Amino acid sequence: MIMSNTKSYAAQSAVAPLAPFAFDRREPGPHDVQIDILYCGVCHSDIHQVRNEWGNSIYPMVPGHEIVGRVVKTGAHVKNFKVGDLAGIGCFVDSCRTCPNCLAGEEQFCDEGMTGTYNALERDGKTPTYGGYSTQIVVDEQYTLHVSDKLPLSGVAPLLCAGITTYSPLRHLGVTKGHKVGVLGLGGLGHMGVKFAAAFGAEVTMLSHSRSKEADAKKLGAHHFALTSDPEVLKSLRNKFDFVLNTVSAPHEYSTYLDLLNTNGTMIVVGAPETPSAVPAFNLIMKRRSIMGSLIGGIKETQEMLDYCAEHNIVSEVEVIPVQKINEAYERMLKGDVRYRFVIDIASLK
Ligand code: NAP
Ligand code: ZN
Ligand code: ZN
């Protein structure tokens with residue numbers, strides 16, 4: 001009998017809970033590294049896709065794109081990794097490599113579409129990709145990140161998505177001392193947004209609909225906390241911010257938070273709810289406000305972010321769970337009950 005080489009947890013449909021699933025990873029090719037996965041973070045995008053909320057799901061689906069592990073095998077032409085190295089994989093594992101975006105190191109915007117770490121097809125157009133809720137992964141070294149051994153690895157895993165998704169737009173916009181930044185939603189992305197905005201010198205206000213998160217927000221580095229479910233609080237914050245980093249996963253009205261931006265202020269949309277929000281013209285034109293979207297970050301910037309975190313001792317606040325608790329973790333995330341990232345200990349799969 002031939003045994004599959006990889007154990008995982010997968011969704012077989014949009015309504016099925018995640019359950020054990022075995023499949024085969026390819027043998028590493030000349031440019032590939034094979035990684036024994038140690039930790040994988042749980043992103044709200046995993047829930048959106050497992051439940052087909054974005055309408056593009058492929059099953060069976062093995063989620064997970066916040067992967068940290070150790071290299072156990074390298075292809076003949078691999079130059080930058082050796083057996084025993086720590087390695088990270090984020091949200092994509094390939095791209096066309098030739099379009100202007102790929103050449104500029106912004107592979108996430110590849111004109112032909114990046115190859116997602118899961119819920120996607122390899123460049124051959126037929127082989128499904130499977131993510132990090134699994135014991136091992138094989139990826140081209142060009143799409144593999146170096147991970148420092150200075151930081152706790154469970155806290156590093158979420159940097160591969162929650163970290164880069166918040167780091168990238170704040171850097172792109174040059175957020176620094178003197179800026180007032182509101183971070184909307186204190187979950188996986190939000191807590192990293194607070195840490196980075198504070199590290200870059202901005203005055204940070206946590207905008208949360210959960211009163212119970214106030215003390216934590218301050219510990220994470222927020223200078224102020226505002227309860228967004230209180231209309232008086234929202235009124236008092238009108239025209240206050242240069243930037244609002246919107247990480248909310250559930251459908252909500254952008255206009256409510258656009259009003260908090262000062263002249264020339266920008267709302268950075270990273271949260272990806274399944275239904276659109278109407279944007280009234282007046283909320284934009286009255287103060288020349290903008291809305292900008294941002295998608296994770298390229299390989300080069302992800303490495304820069306990981307190095308920055310190693311240097312500044314920045315990691316995600318995590319609750320480590322065995323994979324057997326994944327369905328429960330999803331339910332808790334949907335209730336906003338995560339402090340502030342679930343991370344799967346992949347030893348529980350082995
Ligand atoms: P998460 O950990 O579940 O956090 C989402 C937070 O949103 C919650 O903790 C909650 O914060 C707030 N929230 C939830 N329901 C709400 C509601 N009904 N009204 C107001 N606020 C609500 O999720 P995540 O992993 O950080 O992901 C957040 C979103 O970003 C998801 O949609 C995800 O798909 C998306 N995402 C985008 C990218 C990208 O590249 N653009 C990358 C990764 C993830 P409070 O309790 O503080 O209000
Ligand atoms: Zn993610
Ligand atoms: Zn490309």
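The values are calculated or read from the model by the stated rules, or taken from the named source; none is laboratory data. Keep in mind it's a predicted model, so treat the numbers as computed, not measured. Here the Cβ positions follow ideal geometry from the backbone for every residue, glycine too, while neighbour counts run over all protein chains shown. Protein only, heavy atoms only, side chains kept; ligands, DNA and RNA dropped before computing areas. Shrake-Rupley method; radii C 1.70, N 1.55, O 1.52, S 1.80 Å.
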**Q.** Convex hull (Cα only) mean projected area of region 163-293, reported in nm² to one decimal
**A.** 7.0
**Q.** Sum of -39500 (n - 2.57) over DSSP H runs of 4+, divided by residues of the chain (222 nm, nearest 500)
**A.** -6500 deg cm²/dmol
Q: Towards the positive end of the charge dipole of region 75-176, with charges on Cβ (+1 Lys, Arg; -1 Asp, Glu), say which of 89, 99, 129 has the farthest Cα.
A: 89
Q) For region 251-305, what does the alpha-carbon gyration tensor say about shape, rounded, prolate or oblate, given a ≥ b ≥ c as the root eigenvalues, a/c under 1.5 as rounded, and a/b over b/c as prolate? A) oblate
(Q) Suppose we keep just the DSSP beta bridges with both residues in the chain; what percent of those would be antiparallel, to 5? (A) 55
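How much FRET efficiency would the formula 1/(1 + (r/R0)^6) give for residue 288 and residue 238, where r is the Cβ-Cβ distance and R0 is 25 Å, rounded to 0.05? Please report the intermediate quantities before stating the final value.
Values: r = 15 Å, r/R0 = 0.62.
Taking R0 as 25 Å, the efficiency between residue 288 and residue 238 is 0.95.
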Q. Under the Karplus relation 6.51 cos²θ - 1.76 cosθ + 1.60, θ = phi - 60°, what is the ordered set of whole-Hz ³J(HN,Hα) values for region 197-203, x standing for Gly and Pro?
A. 4, 5, 4, 7, x, 6, 8
Q.
Using protein chains only and a probe of 1.4 angstrom, how many square angstrom of residue 144 are accessible, to the nearest 10?
A. 10
Q.
So if I restrict to the alpha-carbon atoms in the chain, what is the Rg, and what is Dmax, the biggest pairwise distance, in Å?
A. 19.9, 69
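For the chain, what is the charge dipole size about the Cα centre, in debye to the nearest 20, if Lys and Arg each add +1 at the Cβ and Asp and Glu each add -1 at the Cβ?
Working: 33 positive and 37 negative charges, 140 e Å.
Using Cβ point charges on Lys, Arg, Asp and Glu, the chain gives about 680 debye.
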(Q) At 1.4 Å probe size, what's the solvent-accessible area of residue 331? Round to the nearest 10 Å². (A) 90
Q. For the chain, what is the accessible area per residue in Å², given a 1.4 Å probe and the full set of protein chains?
A. 43
Q) With respect to the cross-link table entries 218/287; 82/350; 213/240; 79/325; 126/325; 219/335, which display a Cα-Cα separation exceeding 26 Å? A) 218/287; 79/325; 126/325
Q) Hey, if you put +1 on the Cβ of every Lys and Arg and -1 on every Asp and Glu Cβ in region 163-293, which of 179, 278, 248 ends up farthest toward the positive end of that dipole? A) 179
Q.
Output wanted: per-residue J couplings in Hz (rounded whole) for region 266-279, from phi through Karplus 6.51 cos²θ - 1.76 cosθ + 1.60, θ = phi - 60°, x for Gly and Pro.
A. 10, 8, 9, 8, 10, x, 10, x, 6, 10, x, 10, 6, 10
**Q.** the chain - percent of accessible surface contributed by carbon and sulfur, probe 1.4 Å
**A.** 52
Q. In what sequence, largest accessible area first, do 3, 292 appear using a 1.4 Å probe?
A. 3, 292
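For 36, 140, give the ranking by accessible area with the largest first, probe 1.4 Å.
On the way: 36 55, 140 20 Å².
Ranked from most to least accessible, the order is 36, 140.
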Q | Residue list for region 184-218, given a label point 7 angstrom along the Cα-to-Cβ vector of residue 279 and an amide N cut-off under 19 Å | A | 184-185
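Express the C-alpha Rg of region 267-350 as a ratio against the empirical globular expectation 2.2 N^0.38 Å, rounded to two decimals. Intermediate values should be presented prior to the final figure.
Numbers: Rg = 18.3 Å, N = 84, 2.2 N^0.38 = 11.8 Å.
Cα Rg divided by the expected 2.2 N^0.38 Å: 1.54.
Å³ per residue of the Cα convex hull, for region 46-121?
On the way: hull volume 9.3 nm³, N = 76.
In region 46-121, the Cα convex hull volume per residue is 122 Å³.
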Q: Might you report the magnitude of the Cβ-based charge dipole of region 163-293 about its Cα centre, with Lys and Arg at +1 and Asp and Glu at -1, to the nearest 20 debye?
A: 380
**Q.** For region 191-240, alpha-carbon Rg and Dmax in angstrom
**A.** 10.8, 30
Q: Quote the relative contact order of region 163-293 in percent (integer), defining contacts as alpha-carbon pairs under 8 Å separated by 6+ residues.
A: 21
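Let me make sure I get this right: for region 100-214, a, b and c are the square roots of the gyration tensor eigenvalues over alpha carbons, sorted descending. Under 1.5 in a/c it's rounded, otherwise prolate if a/b > b/c, else oblate. Which is it?
Numbers: a/c = 2.08, a/b = 1.69, b/c = 1.23.
Cα axes put region 100-214 in the prolate bin.
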Q | Cα lying deepest toward the dipole's positive end in region 108-241, options 209, 143, 239, charges on Cβ | A | 239
